[in-house]
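What follows is a short report on a single structure.
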Amino acid sequence: MRFSGSMFGLFVAFVLFVSFAAAVAVPYADADPIPAPISLALPAAEDGEVAVADSDEVTAQATGIYICRDTNWGGPCFHPNGPWNGGPERCYQLDGSASSFGPDPGLTCNLYTDGFCSQFAMAMSAIRYPGIPNLGNFNDRIRSFQCFWL
């Protein structure tokens, strides 16, 4: 079998790419491990109403995020509370089915299309109360989020 000049060039490029990818994939021995994201799954069935804290009741313990499977706050929804500081250890994973997203008063959140809160996958930023009832082009595409106290 004979290789033409362009086929040989493609072969060399492929070999170099594979060699580079293998070298990049090896982690440094002293590298800090990336914290595992915290998974949150939307409920599968409608279980009734979910309470959202009034602005007078907002505390570090009571503040959460209101997330719904359907647009305009429809379908099954849930309201996880949590310690919000936006550090890498506070990257929360979603199952990719969110259509409405709203932080309680006092928080601002960033949404990502990957499961690791990667800056390269940021879909929406600085989301504040009352949130977004229709995620539009990012409907059913959000895989993680981070929230910060204002």
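Read-outs: derived from the displayed coordinates by stated rules, not from any lab. Keep in mind that this is a model prediction, so the values were computed, not measured. Virtual Cβ from ideal backbone geometry, glycine too; neighbours counted across all protein chains shown.
Tabulated data
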quantity: Ascending count of other beta-carbon atoms within 10 Å, so fewest first, for 84, 149, 73; calculated: 149, 73, 84
quantity: Least to most buried among 67, 132 (fewest other Cβ within 10 Å first); calculated: 132, 67
quantity: Net lengthening on full extension, residue 114/residue 85 (0.36 nm per residue, minus Cα-Cα); calculated: 8.5 nm
